[in-house]
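Read-outs throughout are calculated quantities, based only on the coordinates presented, and are distinct from any laboratory measurement. Because the structure is a prediction, the values reported are computed rather than measured. As a convention, Cβ positions derive from the backbone with ideal geometry for all residues, glycine included, and neighbour counts pool all protein chains shown.
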Amino acid sequence: MEIFLRDMINTTENCALDESVRLSLEPMLRRAGELYRRIDDPWRGMKVFHVAGTNGKGAISSYLTHILCSAGHKVGWYTSPYLERFNERIRIFNGLGDLLLYGSDEPVGEIPDETIARLMEPIREAGRAVERETDVKPSQFDYITALAFSWYKEEQCDVVVLEAGLGGRLDSTNIVERPLASVLASPGYDHMDRLGDSIEEIIWEKAGIIKDGCPVFAYDPRSSLISKEDADAARDVLDRMSRVHRAPLTYLGYDDITLLTYSLEGQTFQFNPTGNVYETKLLGAYHPIYAMLAAEAVRSAGLADETAIREGVARAIWPGRLEVLLRSPLFLLDGAHNWQAGLALEETMARLTQGTTPVVFLVGTFRDKDYHRMLQAVLQQDRYPVVAFVATEPPSERRLSAFLLKEEVEKLLATARSRKVHVEADPCVECAMRRALYLAGEKDAMVCAFGSLYLAGEIKTLMRVHAARARDACGDNQEDL
């Protein structure tokens, strides 16, 4: 352990990290490690794909799960946050049968409430013992991760797709010692109050999931929406961390992808290193890279053949992330909530609208996010006509006032666009959604909602009610719903 810690420090001599955090993994081991030990370390012996990163780790975990299920495996899938129900965070899909039901209104694969109650009883007792004996209180995420590990062990999952919550190095999931692969999503600036102010600090925390001798598959920082200087710095940290741990490192980026077709139905692309062609229903311009990171990770572990990989990529869905909720008017829902995600959304919108389809934006965000730069990314490029903006508030105490958001947008639009854009605010999400739909119909436009996963979850729930009412009013032949 001392050699491991010393090597980690040597890889980050240029990172101005707080000394007490830099020197060891002890904060995580004292919290999560002590908790797990008291419930017999349910994570031991699990085959795990470990995923971390700023943007895209959820999508990568979805591709991993779809590929593994297409290959017939029983997969434990751990993600955060949830959209509509807590139970979404902890799932088990038993092969293709369960997978094909995913995305329906039924809670397929989600941990049952009664299982949560039963398994949490010994976990809570273990947590109380940790606090009593060490004066360290396990975090809520420690408890949830312990619950996931316990259920996956009980259900004898073949493999687990494990998404880190925040960061990586001190994350509750980082107890896993030898993952089948460590997969790192696109780097960027988020949670800077916890992870650091520089890209080196942030990447060092994310790269803490790299383990001795275990393969690493990383989204090439040079394909991320960050500066060249930041991208070079991020690669430098990843290169050094991988060398220290003698972990084979593979970068994948836009140079590895050739886009063949793109439409509202999805995209077809070629993976240049092999020449193989894949289809994905997911619309983000970056999704071919995410898909291939997952594919190469599974391929390296020998857990899926090419047929399962191709089918898994084609079947993959990831609710609330560039998801089409309605066809008429077109209603696109995305969880973008930081600057890089805003840039990626702008790129996707430019492709979808082809620069001509008018757009009504419906946005709610948090006051502790860098919402100014996020809004700049989406509103100031002028690659599609913005005809209206409706500000609302996600269901959280951290929400930014809809009226402050409206003022911010009016300032941005005043300097960015010559044409008049209708801007209004309504804190009620349902009212704001109805208003956005009305404006879209009036202006023959599409709706794009973004700003928070909390908002995305609320809108999904409301849209389900909206669709049910429409079916009741017009019958079941609503092809547009």
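Some notes on this structure:
- Summed over region 234-249, residues that are out of contact with any Pro (no Cβ under 7 Å at 6 or more places or on another chain), over 13 Å from Ala207 (Cα atoms) and not basic (Lys, Arg) total 0.
- Residue list for region 97-113, restricted to those being of a type outside the set (A, V, I, L, M) and either part of a helix (DSSP H, G or I) or under 20 Å from Val160 (Cβ atoms) (or both): Gly97, Asp98, Tyr102, Pro107, Gly109, Glu110, Pro112, Asp113
- Candidates in region 91-123 are the residues that are surrounded by 14 or more Cβ atoms within 10 Å (Cβ to Cβ) and of a type in the set (D, E, K, R); of these, the one that is farthest from the chain's Cα centre (by Cα) is Asp98.
- When Tyr251, Tyr219, Tyr278, Tyr262 are checked against the criterion of being crowded, with 18+ Cβ neighbours inside 10 Å, over 18 Å from Pro187 (Cβ atoms) and in contact (Cβ under 8 Å) with a residue 24 or more places away in the chain, a single residue qualifies: Tyr278.
- Restricting attention to region 309-341 and to residues that are among the small types (Gly, Ala, Ser) and touching a residue at least 40 places away in the same chain (Cβ under 8 Å), the residue that is farthest from Glu296 (Cα to Cα) turns out to be Ser328.
- Selection of region 378-420 for residues being in contact with a Phe, Trp or Tyr (Cβ under 6 Å, 6 or more places away or on another chain) and over 18 Å from Tyr454 (Cα atoms) yields Phe389, Val409.
- Residue identified as assigned to a helix (DSSP H, G or I) and in contact with a Phe, Trp or Tyr (Cβ under 8 Å, 6 or more places away or on another chain) among Ala294, Ala336: Ala294
- Unique match (being assigned to a loop (DSSP other than H, G, I, E, B) and not hydroxyl-bearing (Ser, Thr, Tyr)) among Gly342, Gly284: Gly284
- Top-ranked residue in region 133-158 [being surrounded by 24 or more Cβ atoms within 10 Å (Cβ to Cβ) and touching a strand residue (DSSP E or B) at 6+ places or on another chain (Cβ under 6 Å); ranked as nearest to Leu238 (Cα to Cα)]: Ala148
- Test for Ile116: is it among the hydrophobic types (A, V, I, L, M, F, W, C), out of contact with any helix residue (DSSP H, G or I) (no Cβ under 6 Å at 6 or more places or on another chain) and assigned to a strand (DSSP E or B): no
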